[in-house]
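Report on the structure given below.
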Amino acid sequence: MTRASVPEAAFLIASLLFIFGLKRLSSPRTARSGNTLAAIGMALALGGTFLLPGMGHFGWILLAIVIGALPGWLLARRVKMTAMPQMVSLFNGMGGACALFISLGEWLGKPSGGRELGRAFPMLLGVVFGSVSFTGSLVAFGKLQGLITEKPLRWPLQKTGNALLLAVILASSAAAPSSQNEIWILLPAAAALLLGVAQVLPIGGADMPVVISVLNSCTGLAAAVTGFAMHNMSMIIAGTLVGAAGSFLTVLMCKAMNRSLAKVIFGSFGLAPKEASAAAQGDLSMREIAASECAVMMGYARKVIIIPGYGLAVAQGQHLVHDLDEALEKRGVEVKYAIHPVAGRMPGHMNVLLAEADVPYPKLLDMEEINPEFDQADVALIIGANDVVNPAARTDAASPIYGMPILNADKAKNVIVIKRGRGAGFAGIENGLFYNPKTRMLFGDAKKALQELVTEVKAL
Ligand code: TAP
């Protein structure tokens, strides 16, 4: 093997590791090793880059690696599970910035004669997609972290302004390849940075997970085209994988929420008041229940289905859910978990949450698997979930969630709901299930309510 082919071999192995790593991420059982494989691939790709002909300034590169890796490592170790979406957004933004700066550096470092269209085009795409992804992700991070208002921000002539920015990007990109003037590459970069901000600010905070997923595919695309400009195989493959994964995730999330991508990007979901009005339910009222009564209902049941939702993650009650499950199983009760694909605020949120508490994976059943079992369940225990069990999705054509597939909790013989009060879920709408005669409300923070339940069930 010649010295020049060592980096190529490293890139090839790295690319294979990315592909196998991604494959293993598809199941919680193999996800950890998948992550490790992909990380080894990234280390190989970095190592291979050091060996590329013409490389130098190793001190600066190492310094940059330390500056990037240290905060990344610390943040990843400390981040709370509920703050994961904004962390992903921040890291995604950094990916966008990398694509922007690599493409820009490549462009500015070459005399115009060296910019034939085949290389100029991917560089321009890298600059534009990288910029949009960079600033868009930072705004998404700000919204989820509470640094920017979660409310959709709107201003006059917003869409016209965005169209103008797009026109500037297209016109200056068309002029850039044949011009010596650097303004033609800086202009689309600046317009795309602004477009990222202008496009994400008007979207409500609750829609950010879908936005992040869209921006993720943008970053992937930016990395892949930058790879074309640099003739770097592993960048092309890694970028394509990220782009494709982000696109699939976006489609799956939109499908599970029964919303089109256009509605997420241009719609006004999440504008509804978070405190739902009880008036919508006429004279109906919710019926409360004490933890001791719940314990009797569940302790003497044959089958209990637990439905975790966003509130469980907020309360960090996952370990107590597992304790409750064990206490019930000791009494001979069959316990299963119903996992809705968009329960919580990020893909796989409930699976990750419950896996953290060592809930056996085979007990977590997807919506399609568990729905036929609800009519045999004595109790459906809903913990901090709302929209994913709202029957309006089946019956109310005017509801914003109409058509979204839901968990059939209302088919169980009894329904117990743990939530703090009358707060609405993500969609900001009333839930008729809470007023159903077979539903009982155990009001309180999920962690506190679960602690009481565990104590009561153990005391039976
Ligand atoms: P939500 O519909 O958001 O409902 C969560 C409920 O938890 C609220 O009604 C709230 O009521 C309660 N809650 C909040 N904090 C609590 C606490 N500390 N203890 C107990 N309860 C608490 O949740 P869901 O059913 O999981 O549905 C998820 C929603 O998010 C769907 O509409 C989905 O489309 C959307 N979404 C999901 C994703 C992904 S990928 N998962 C991405 C974007 C959007 P109280 O205030 O009364 O307690």
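Among the residues making up segment 423-444, those that are buried (at least 18 other Cβ atoms within 10 Å of the Cβ), more than 10 Å from the ligand (Cβ to nearest atom) and under 16 Å from residue 290 (Cα atoms) are 439, 440. Among residues of segment 368-389 that are closer than 20 Å to residue 353 by Cβ, those with a beta-carbon under 7 Å from a residue that is outside any helix (DSSP H, G or I) and more than 15 Å from the ligand (Cβ to nearest atom) at least six positions away or on a different chain give the pairs 370/336; 380/412; 381/304. Restricting to segment 153-179, and then to whatever is within 19 Å of residue 132 (Cβ to Cβ) and of a type in the set (Ser, Thr, Tyr), can you tell me which residue is nearest to the chain's Cα centre (by Cα)? Among those residues, the one meeting the criterion is 160. In segment 185-208, the residues that are without any contact (Cβ under 8 Å) to a residue 24 or more places away in the chain and more than 17 Å from residue 141 (Cβ to Cβ) reach residues that are surrounded by fewer than 24 Cβ atoms within 10 Å (Cβ to Cβ) and of a type in the set (S, T, N, Q) with C-beta atoms within less than 6 angstrom, at least six apart or across chains, in these pairs: 187/172. The condition of being among the aliphatic types (A, V, I, L, M) and surrounded by fewer than 20 Cβ atoms within 10 Å (Cβ to Cβ) does not hold for residue 327. A count restricted to segment 333-356 and to residues that are aliphatic (A, V, I, L, M), in contact with an Asp or Glu (Cβ under 9 Å, 6 or more places away or on another chain) and within 16 Å of the ligand (Cβ to nearest atom) stands at 4.
Residue by residue, here is whether (1) surrounded by fewer than 17 Cβ atoms within 10 Å (Cβ to Cβ); (2) among the aliphatic types (A, V, I, L, M); (3) more than 16 Å from the ligand (Cβ to nearest atom) holds:
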| position | (1), (2), (3) |
| --- | --- |
| 126 | no, no, yes |
| 132 | no, yes, yes |
| 171 | yes, yes, yes |
| 180 | yes, no, yes |
| 187 | no, yes, yes |
| 192 | no, yes, yes |
| 196 | no, no, yes |
| 201 | no, yes, yes |
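The residues listed here are 214, 210, 225, 242; of these, the one that is at pLDDT 90 or above, assigned to a helix (DSSP H, G or I) and within 13 Å of the ligand (Cβ to nearest atom) is 214.
Looking at segment 301-347, which of its residues are in a loop (DSSP other than H, G, I, E, B) and in contact (Cβ under 8 Å) with a residue 60 or more places away in the chain? Within segment 301-347, 301, 302, 309, 316, 317, 331, 340, 341, 342, 345, 346, 347 qualify. Among the numbered conditions (1) under 21 Å from residue 288 (Cα atoms); (2) touching a residue at least 60 places away in the same chain (Cβ under 8 Å), the only one that residue 401 does not meet is (1). It is to be established whether one or more residues within segment 51-60 are modelled with pLDDT under 95, within 25 Å of residue 133 (Cα to Cα) and surrounded by 11 or more Cβ atoms within 10 Å (Cβ to Cβ). No. For residue 397, state whether it is surrounded by fewer than 20 Cβ atoms within 10 Å (Cβ to Cβ) and either polar (S, T, N, Q) or at pLDDT below 95 (or both). It is true that residue 397 is surrounded by fewer than 20 Cβ atoms within 10 Å (Cβ to Cβ) and either polar (S, T, N, Q) or at pLDDT below 95 (or both).
Consider residue 146 carefully, then state whether it is more than 30 Å from residue 77 (Cα to Cα), of a type in the set (Gly, Ala, Ser), surrounded by fewer than 24 Cβ atoms within 10 Å (Cβ to Cβ) and in the same structural domain as residue 221 (by TED's automatic domain parsing). So that I can check it myself, show each step before the final result.
Details: more than 30 Å from residue 77 (Cα to Cα): no; of a type in the set (Gly, Ala, Ser): yes; surrounded by fewer than 24 Cβ atoms within 10 Å (Cβ to Cβ): yes; in the same structural domain as residue 221 (by TED's automatic domain parsing): yes.
For residue 146, the condition - more than 30 Å from residue 77 (Cα to Cα), of a type in the set (Gly, Ala, Ser), surrounded by fewer than 24 Cβ atoms within 10 Å (Cβ to Cβ) and in the same structural domain as residue 221 (by TED's automatic domain parsing) - is not met.
The values are calculated or read from the model by the stated rules, or taken from the named source; none is laboratory data. From a predicted model like this one, the values you see are computed outputs, not experimental measurements. For neighbour counting, all protein chains shown are included, and Cβ atoms are generated from backbone atoms with ideal geometry for every residue, glycine included.
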